[in-house]
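See structure below.
The values are calculated or read from the model by the stated rules, or taken from the named source; none is laboratory data. Computed from a predicted model, the values in this text were never measured in an experiment. A quick note on method: Cβ atoms are made from the backbone with ideal geometry, for glycine too, and the neighbour counts reach across all protein chains shown.
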Amino acid sequence: MIKKLSIKPTLKGRLLLTTYYLLLTAFLGCSAAQKSVEPSSSAASEQSGINVGFDVDDTLLFSSPAFKKAYESEEFEYSDEWWAIVNKSDEGNSIVKKVAEKILNEHKAKGDQIFAITARDGTGGDVLRGFLNRTFGIKKENIFCTHKKAEKIRELNIKIFYGDSDSDITAAQEAGAKGIRILRSPKSSYKGKYHPGEFGEEIIPNSEE
């Protein structure tokens, strides 16, 4: 007859086993955290095939470095020559805001038409259109330079408009569109017209960068 052996783990063995499970739990926790989804817009999950608009400066781009190039020049502020410098300086200077880019790509994946509307002057606008086309895949004919954003939003039948400034939100609401706030980077050189949540708009968290 063969007797069954009863093997009792030693204290050292139990400690090693406990340590193993603690390390395994920590590893799985880190893996889950790394896979967490970055914040995006609730609007990106709504009906597809709609027209969606984005502001450019401090929304799609952290563009203060491009504006700095113009301020450092000898051109008069807001002159045609000054704006031409801004519009040609995004390449190699302006930084894509990753959360806004993610939202834009979510809308594109749904089949939405993407538009960009900026209050920049149109001088040198073709250079800007080329940059936005290469960077975000926005059609050049869908990129507009105008201070009359509400009119353009209404004209293009845009249903959702993303922007950082108060005027972006109010322009969207005036045009009957849903205005959604992209947070402005604290490093932005532009400090005006910025009161997130004041107009009851949705705010995209962690969208400063």
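Observations on the structure shown:
- Test: residue in the stretch 74-94 that is closer than 16 Å to Leu132 by Cα, out of contact with any helix residue (DSSP H, G or I) (no Cβ under 8 Å at 6 or more places or on another chain) and of a type outside the set (A, V, I, L, M): yes
- Filter pass, Ala44 being under 16 Å from the mean Cα position of the chain (by Cα) and over 17 Å from Asp164 (Cα atoms): yes
- Restricting attention to the stretch 149-184 and to residues that are surrounded by fewer than 18 Cβ atoms within 10 Å (Cβ to Cβ) and touching a strand residue (DSSP E or B) at 6+ places or on another chain (Cβ under 9 Å), the residue that is farthest from Asp121 (Cα to Cα) turns out to be Gly176.
- Residue match in the stretch 84-93 (condition: among the β-branched types (Val, Ile, Thr) and free of Cβ contacts under 8 Å to residues at least 40 places away in the same chain): yes
- Residue within the stretch 107-120 that is surrounded by 19 or more Cβ atoms within 10 Å (Cβ to Cβ), farther than 23 Å from Ser40 by Cβ and touching a residue at least 12 places away in the same chain (Cβ under 8 Å) present: yes
- Of all the numbered requirements in (1) surrounded by 12 or more Cβ atoms within 10 Å (Cβ to Cβ); (2) modelled with pLDDT of 95 or more; (3) not aliphatic (A, V, I, L, M), Ser41 misses one, and that requirement is (2).
- Matching residues in the stretch 123-139 - criterion: being touching a strand residue (DSSP E or B) at 6+ places or on another chain (Cβ under 9 Å) and surrounded by fewer than 16 Cβ atoms within 10 Å (Cβ to Cβ): Thr135, Gly137, Lys139
- The set of residues in the stretch 185-209 being under 15 Å from Ser42 (Cα atoms) and of a type in the set (Ser, Thr, Tyr) consists of Ser207 alone.
- Selection status of Val99, surrounded by 18 or more Cβ atoms within 10 Å (Cβ to Cβ), without any contact (Cβ under 8 Å) to a residue 40 or more places away in the chain, in a helix (DSSP H, G or I) and not small (Gly, Ala, Ser): no
- Residue count for the stretch 39-53, restricted to those that are polar (S, T, N, Q), outside any loop (DSSP other than H, G, I, E, B) and within 9 Å of Lys159 (Cβ to Cβ): 1.
- Residues located in the stretch 189-209, provided they are out of contact with any Lys or Arg (no Cβ under 9 Å at 6 or more places or on another chain) and in contact (Cβ under 8 Å) with a residue 60 or more places away in the chain: Pro205, Asn206
- Close pairs from the stretch 129-145: first over 16 Å from His107 (Cα atoms) and without any contact (Cβ under 8 Å) to a residue 40 or more places away in the chain, partner part of a helix (DSSP H, G or I) and among the small types (Gly, Ala, Ser), Cβ under 9 Å, at least 6 apart: Lys140/Gly130; Ile143/Gly125; Phe144/Gly125; Cys145/Gly125
- Matching option when the condition is under 15 Å from the mean Cα position of the chain (by Cα) and basic (Lys, Arg), among Arg154, Arg181: Arg181
- Only one of the listed residues (Ile169, Ile204, Ile158) is of a type in the set (A, V, I, L, M) and more than 16 Å from Thr118 (Cα to Cα). That residue is Ile204.
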